[in-house]
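Here the structure comes first, spelled out in structure tokens, and everything after it is commentary.
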Amino acid sequence: MIYQGTARYPVSEIVIHCSATPPGWMKGQSLAAKRAEIRRWHVDQRGWRDIGYHHLIDRDGSTLPGRPETEIGAGVEGHNRGVIHICLVGGAGSTADDPFEKNFAAAQDLALRGLLTEIADRTAVSRVSGHNEYAAKACPGFRVLKWRSRT
Ligand SMILES: [Zn+2]
């Protein structure tokens, strides 16, 4: 199991997000540079202590960790304890009901499925959801339940 914070909340859910950036955002730059930029939005603009997400997935399917999984993240207002937040790079102008491939690359589809499996190997995941299930938002720009039911 993965536990978060000093209260040791067990991680039982994964919530998927997007960075709401256009497909060519910071093209040619490393995912580390993109992570630094997203972190800047969260720290400088929102006043959080660190990037809100635990994992990032770039357009080419590469991944990088964000906030440590053992710390409570910041992704859904009032719903962060025991949650791992994953952010897909992209998704600008998306709606909640878009098909995954309208806003994201095939490499991201593969990487996200792999990351979900890898996390589920380390903690008892009982729910995988999208930010749009908790707020009137497009984020992540597709319906996670529908996307997961595809093979
Ligand atoms: Zn979100």
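Multiplying the sequence separation of R150 and T95 by 0.36 nm and subtracting their Cα-Cα distance, what value in nm do you get?
My answer for the length gained is 17.9 nm.
I'd like the Karplus ³J(HN,Hα) series for segment 66-77: coefficients 6.51, -1.76, 1.60, θ = phi - 60°, whole numbers in Hz, and an x wherever there's a Gly or Pro.
Each residue's phi maps through the Karplus curve to give x, 5, x, 4, 7, 10, 5, x, 9, x, 10, 4 Hz.
Tell me the relative contact order for segment 72-112 as a rounded percent, counting alpha carbon contacts under 8 Å between residues six or more apart.
The normalised contact order for segment 72-112 reaches 27 percent.
When only Cα pairs under 8 Å and 6 or more residues apart are kept, what is the percent relative contact order across segment 3-148?
Taking the mean separation of contacting Cα pairs over the length of segment 3-148, I get 33 percent.
Which residues does the label zone of W25 cover in segment 51-81, counting backbone N under 17 Å from a point 7 Å along Cα→Cβ?
Of the residues in segment 51-81, 51-67, 74-76 have backbone N under 17 Å from the label point off W25.
May I ask for log10 I(q)/I(0) of the chain at q = 0.10 Å⁻¹, from a Debye sum over the Cα atoms as equal point scatterers with solvent left out?
-0.30
At a threshold of 8 angstrom on Cα-Cα distance, excluding pairs fewer than six apart, so keeping six or more, what relative contact order does segment 57-130 reach in percent?
37 percent
Test of understanding: what is the full-extension gain from D50 to Y134, defined as 0.36 nm times their sequence separation minus their Cα-Cα distance?
Contour length minus the Cα-Cα distance gives 28.0 nm.
DSSP beta bridges in the chain, what fraction antiparallel, as a percent rounded to 5?
In the chain, approximately 25 percent of DSSP beta bridges are antiparallel ones.
List every residue whose amide H lies under 5 Å from the amide H of S129, counting only residues 5 or more places away in sequence or on a different chain, with H placed 1.01 Å from N in the peptide plane.
Counting only residues 5 or more places away or on other chains, the set is I14, V15, I16.
Taking θ = phi - 60°, what integer Hz values does the Karplus form 6.51 cos²θ - 1.76 cosθ + 1.60 yield along segment 36-51, in sequence order, with x for Gly and Pro?
After applying 6.51 cos²θ - 1.76 cosθ + 1.60, I find 4, 5, 5, 4, 4, 4, 6, 7, 7, 8, 9, x, 7, 7, 7, 4 Hz.
Counting each DSSP H run of 4 or more residues in the chain as -39500 (n - 2.57), what helix-only mean residue ellipticity at 222 nm follows after dividing by all residues, to the nearest 500 deg cm²/dmol?
About -6000 deg cm²/dmol.
Probe radius 1.4 Å, ligands and nucleic acids left out: which of S126, S30 has the largest accessible area, and how do the rest follow?
S126, S30
What full-extension length gain, to one decimal in nm, is calculated for W41 and E71 as 0.36 nm per residue of separation minus the Cα-Cα distance? Kindly include the intermediate steps, with their values, before the conclusion.
Details: separation 30, 0.36 × 30 = 10.80 nm, distance 1.89 nm.
Separation in residues times 0.36 nm, less the Cα-Cα distance, equals 8.9 nm.
The values are calculated or read from the model by the stated rules, or taken from the named source; none is laboratory data. Bear in mind that the values here come from a model prediction, so they are computed numbers and not experimental data. Here the Cβ is made from the backbone with ideal geometry for all residues, glycine too, and neighbour counts use every protein chain on show. Surface accessibility is based on the protein's heavy atoms, side chains included, excluding ligands, DNA and RNA. Shrake-Rupley method; radii C 1.70, N 1.55, O 1.52, S 1.80 Å.
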